[in-house]
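K.L.:
The structure is given below, and queries will be raised subsequently.
The values are calculated or read from the model by the stated rules, or taken from the named source; none is laboratory data. Given the structure is predicted, the values throughout are model-derived calculations rather than measurements. All Cβ positions, even for glycine, are placed from backbone atoms using ideal geometry, and neighbour counts span all protein chains on display. Heads up: the accessible areas ignore ligands, DNA and RNA and are worked out on the full protein's heavy atoms, side chains in. Shrake-Rupley method; radii C 1.70, N 1.55, O 1.52, S 1.80 Å.
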Amino acid sequence: MKKIISKLLVLFLVLGIVTGCATGPKIEPTPEITADETKTADVIIVGAGGAGLAAAISAVENGAESVIILEKTGTTGGALNYTSGSMSGANTIIQQEDGIEDSVDSYVADIMKNGAEKGNEELIRVYAEKDIEMIQWLWDNGLSDNTFTVDKEGRRSVFAPEHALYSVPRTYKARPDDKSAAHEILDMQLKGYDQIKIDFMTEATQLIANDKGQVLTVLATNKDTNKTIQYEATKGIIMATGGYSGNNKLMGAFAENGANYLAGGSKGSDGYGIYMMQQVGGYVDDETMSYIPTFPMGLEGTNQTGSIAPTYTWKTGGICVNQNGERFVDETEARVEIREVALEEQPGAVQYDIFTDKILEDLNAAGAATMWNYLYAEEGTPGYNKVSKASSLDELAEMIDVPADTLIKTVEDYNAAVESKGTDSFGRKYDGEVNAYNLAVNKIEGETYYAVPLKALVIITLGGVTANKDMQVLDTEGNAIPGLYAAGEVVGGIWGKFASGGTGVMGPIVFGNIAGEKVMTNDLTEGEKPKQATNLLDINLFTKEEAKIEFDMSQALNDGEYEAVVDGQYGELKVQVTITSGKISDVKVVSNNETEEIAAGALEMIPEKIVAANSVEVDAISGATLTTNRIRTAVVDCLNQAKK
C-alpha cells in the first residue's frame, strides 16, 4: 500500500527520574514519520479490556458508525482474563431479588472508607449511580443465567472476605466458565455490532495533537506485520490501556518494595498508556501512583508473576515472619488492608507462613483447609514444592535463609503469648474466642515445622491520569484535553488507596460506558497545542529487559506429569512435562493459540529439543522466537513444580 507521510511533532523522551518522575530539556521536533497505512473511524479505542469493550458498545449505541479498538495482545478482556470476575453494586436487581435493602449513599460511603477517604467522591458517586444500570444491562444480557456463589441463606448478594467488607452484602460472584461472566457477556454483545472492529496484535505507541489542540491521532505498530499504522478519529480517542501491575520498575518508582511485588495479572499491564497521555498534557498525581494495593498471599511463579495462594494456617495458630525471622503484624487482623501494608513494608515484600502438623489438623477440622489442600498438600499441586519441612526450627531457618536465633526467639515469644491467653504487642488475641479469622489457638511446637514463602501480589493499580465525570482527560490546570478520553485502570485517583470489592470489574465497565457516550455526545472543542506533563514518567521505566529462561537441571526432581499455562499469542498455551528418573522424558504442547504458519516449527521441534538436551536452554526456531520462549517458560514452570 502506498505509504502516507505525516508531518508530526514527536516528543523526545527524557531521563532524570527522581521518585518516579522526570524533567528534561526543551522538546525539539523530529524528522518526518512514515506510516505504512492510515485508518479512520468515528472513535478510536486503545485497549480491548472491560473498559474498552464497554466504551465501544456505548459509542455505537450513541451514534458512532465506526469504532476501531486497538489491542496489543491477541485476545479481548485485558485484566478480566486474570480475575474470577466478582462484581458489586447497590440497589441492583440482584439485591432486589435477594430482599436486601441498600443505597447508593451507603455504597459511596463504604468505598470512600475502604479507600482511606482518599478517593474522588464525585466520581465514585457517578460510578455508583451508573453501576445500577450496568448491572441491569449485564443481567438482561446473560448474567441472570449464571450460577452464583451464595451465602447460607441462598442469596447471591454476599460479603467478600478477600476485600474490606461492605456494610451490607453487595458483592456478586458469578462462577466463571472459560471467562468471567462480565467478559463473556461483553464479547457476546460485541459480536452484534458490525460497526466495531478490533485490530489485534496492534500496540499503540504515541498520541498526536493537531494544531487545534485536539488529540485525534494515534500511532501504532502491528506485531504480525511490523507495519506502522496511523489511526485518525473524527470524534475522539478513548484510552483504556489498563494499569501498571505488570511493570515492576514503575511500581518500584512509587512504592518502596514495589520492584519486588508479584504480578497477579498480565505482564503487559505496563502503564505505557499513562505515559502516552502525559506526552500530550495528561495530568498525573504522583501520590495516586503510589496507591498500589496488594494481596499478602502471592505464590511466586515464573518471571515475577504469581497467583493468590493463601495457606490460612494463621487462622488456627500459625504465624507470619519476614526475612529477618520476625513477626510484623497481627496475622488474624480482619482488616485485610492492614496486613497488606504490613507485608509491603517488609524486606523484599516477602513473608513466611510458619506452622505445624497440629495447626494443619485444626485447619482441616474447622473446614478452612480448602486452599491448603488444593494448592500445597499433595505432590503435583501448584505450591507443593514451595513448602519447607523440618524437624527443628534451626533446620527450618536454614532452609528459608532466616537467622535461626531470631526465628527461635520469635516462636518462643509467640508461644509465651499463647500461654498467657491475653493479647500480644501486635494486638493478636489468644483468649480462645472463635471468629472467621481465629478458628483455634495453638503454639508453634511439634515434630514437624513448616514454612511457605508468600509475597505481596498486585492485581490492580490505582494511579493514572486525571479525568472528569465525562471521562475527559485533564491537563495540569484541570482543563479537558479536546478529543482525549480515558476509562478503566488507566485513570487514577478514583478509588483512593485501596480497591473495594467488585470495583475492579464494574469500574472499568461503568466508566467505559460513560466514555463511549460522552465521546459521541460532547462537542469536539478546540484549544491550545498541549504541552507534555512536567512530571513525565521516565521512558526507562518501560524498557523491557529480556527475562532469562533457565533451570538448573542438577536439582533433584520428582517423577510425574506436570502442566503449566502461559500467555500465548491469541490465548493460552498449555504444556505438559513428564519427569522420569529425574529427567525430562517428554514435553507436549497440549493446546495453543499461536499463528500456525509462523509457530508450527517451534511447536513441533522445541519440545523434542528440550527432551534431547534435558534442558530448556535450547536454540530458538528461526522466525518463531516468541513461541519458542513461551514453550520454554511453561517448561520451567513445570520443572519448578517438580522440584523436591
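K.L.:
Within 10 Å, Cβ to Cβ, of ARG125, how many net charges do the neighbouring residues add up to if Lys/Arg are +1 and Asp/Glu are -1?
P.N.:
With Lys, Arg at +1 and Asp, Glu at -1, the net is -2.
K.L.:
Ok, one more. For a quick check of understanding: with a 1.4 angstrom probe and all protein chains in place, what accessible area in square angstrom does SER106 have, to the nearest ten?
P.N.:
Approximately 30 Å² of SER106 is accessible to the 1.4 Å probe.
K.L.:
Too long at a 20 Å Cα-Cα cut-off: which of LYS497/LYS531; LYS39/LYS235; LYS191/LYS235?
P.N.:
Pairs exceeding the cut-off: LYS497/LYS531; LYS191/LYS235.
K.L.:
For the chain, which DSSP H helices look membrane-span-like by this rule: Cα extent along the axis of 27 Å or more and mean Kyte-Doolittle of at least -0.5?
P.N.:
Span-like helices in the chain: 121-140.
K.L.:
What relative contact order, as a whole-number percentage, does the chain give when Cα pairs under 8 Å and 6 or more residues apart are counted?
P.N.:
Here the relative contact order equals 19 percent.
K.L.:
Could you sort the peptides 206-212, 524-530 by per-residue average Cβ neighbour count (10 Å cutoff), highest mean leading?
P.N.:
Taking the mean over residues of other Cβ atoms within 10 Å, the ranking is 206-212, 524-530.
K.L.:
Taking every DSSP beta bridge with both residues inside the chain, roughly what % is antiparallel (nearest 5)?
P.N.:
The answer is about 70 percent antiparallel.
K.L.:
Could you order GLU101, GLU287, GLU594 so the one with the most accessible surface comes first? Probe is 1.4 Å.
P.N.:
Per-residue accessible area, sorted high to low, gives GLU101, GLU287, GLU594.
K.L.:
Here's something else I'd like to know. If each DSSP helix of 4+ residues adds -39,500 (n - 2.57) and the sum is divided by the residues in the chain, what number results at 222 nm, nearest 500 deg cm²/dmol?
P.N.:
-8500 deg cm²/dmol
K.L.:
With +1 on each Lys and Arg Cβ and -1 on each Asp and Glu Cβ, and nothing else charged, work out how big the dipole of the range 167-284 is about its Cα centre, in Debye to the nearest 20.
P.N.:
Taking the Cα centre of the range 167-284 as origin, the dipole is about 220 debye.
K.L.:
Among GLU340, GLU445, GLU203, what's the order by accessible area (1.4 angstrom probe), most exposed first?
P.N.:
Putting GLU340, GLU445, GLU203 in descending order of accessible area: GLU445, GLU203, GLU340.
K.L.:
With bins 5 Å wide starting at 0, give me the P(r) of the range 563-644 over every alpha carbon pair, in whole percents.
P.N.:
3, 17, 31, 27, 14, 6, 2, 0
K.L.:
Using the Kirkwood radius built from alpha carbon pairs, what does the Stokes-Einstein equation give as D for the range 47-168 at 37 °C and 0.692 mPa s, in µm² per second?
P.N.:
200 µm²/s
K.L.:
Rounded, prolate or oblate: pick one for the range 484-543, where a ≥ b ≥ c are the square roots of the eigenvalues of its C-alpha gyration tensor, a/c under 1.5 means rounded, and failing that, prolate if a/b is larger than b/c, else oblate.
P.N.:
Because a/c hits 1.5 or more and a/b fails to exceed b/c, the range 484-543 counts as oblate.
K.L.:
Net charge near THR461: determine it from the other residues with C-beta under 14 Å of the C-beta of THR461, scoring Lys and Arg +1 and Asp and Glu -1.
P.N.:
Overall, the nearby charge balance is -4.
K.L.:
Let me ask something else about it. Got a sec? What order do TRP137, TRP372 fall in by accessible area at 1.4 Å, biggest, i.e. largest, first?
P.N.:
Ranking TRP137, TRP372 by accessible area, largest first, yields TRP137, TRP372.
K.L.:
Where a Cα-Cα gap under 23 Å defines reach, which lysines qualify for LYS421, not counting those fewer than 8 residues away within the same chain?
P.N.:
LYS315, LYS358, LYS409, LYS429, LYS443
K.L.:
Identify all aspartates and glutamates with a Cα-Cα distance to LYS389 below 15 Å; exclude those on the same chain that are fewer than 8 residues away in sequence.
P.N.:
Reachable aspartates and glutamates: ASP353, ASP357, GLU378, GLU379, GLU398, ASP401, GLU445, GLU447.
K.L.:
Now for a different question. Give me the accessible area per residue for the range 218-341, probe 1.4 Å, as a whole number in Å².
P.N.:
Using a 1.4 Å probe on heavy atoms only, each residue of the range 218-341 averages 28 Å².
K.L.:
Sticking with this one: Kindly report, to the nearest 10 Å², the accessible surface of GLU153 as traced by a 1.4 Å probe over protein heavy atoms only.
P.N.:
Roll a 1.4 Å probe over it and GLU153 shows about 140 Å².
K.L.:
What net charge do the residues around GLY89 carry, taking every other residue with its C-beta under 11 Å from that of GLY89, with Lys and Arg at +1 and Asp and Glu at -1?
P.N.:
-2
K.L.:
Something else: Can you list the lysines whose alpha carbon is less than 20 Å from that of LYS173, not counting same-chain residues fewer than 8 positions off?
P.N.:
Straight-distance partners of LYS173: LYS130, LYS152.
K.L.:
With every protein chain left in place and a probe of 1.4 Å, what is the accessible surface of TYR261, to the nearest 10 Å²?
P.N.:
Answer for TYR261: close to 10 Å² accessible.
K.L.:
Carbon and sulfur atoms: what percent of the 1.4 Å accessible area of the range 233-368 do they account for?
P.N.:
Roughly 45 percent, rounded to a whole number.
K.L.:
Provide the packing ranking of 170-176, 140-146, i.e. peptides ordered by the mean count of other C-beta atoms within 10 Å per residue, highest first.
P.N.:
170-176, 140-146
K.L.:
Could you tell me which of the pairs LYS179/LYS574; LYS583/LYS609; LYS223/LYS249 are separated by over 21 angstrom between their Cα atoms in the structure shown?
P.N.:
LYS223/LYS249
K.L.:
Okay, moving on. Provide the per-residue ³J(HN,Hα) series for the range 380-385, in order, calculated from phi with Karplus coefficients 6.51, -1.76, 1.60 and θ = phi - 60°, each as a whole number of Hz, with x at glycine and proline positions.
P.N.:
x, 6, x, x, 3, 7
K.L.:
Also: Once you order the gyration tensor axes a ≥ b ≥ c over the Cα atoms, which shape class does the range 112-202 get: rounded for a/c under 1.5, otherwise prolate or oblate by comparing a/b with b/c?
P.N.:
Because a/c hits 1.5 or more and a/b fails to exceed b/c, the range 112-202 counts as oblate.
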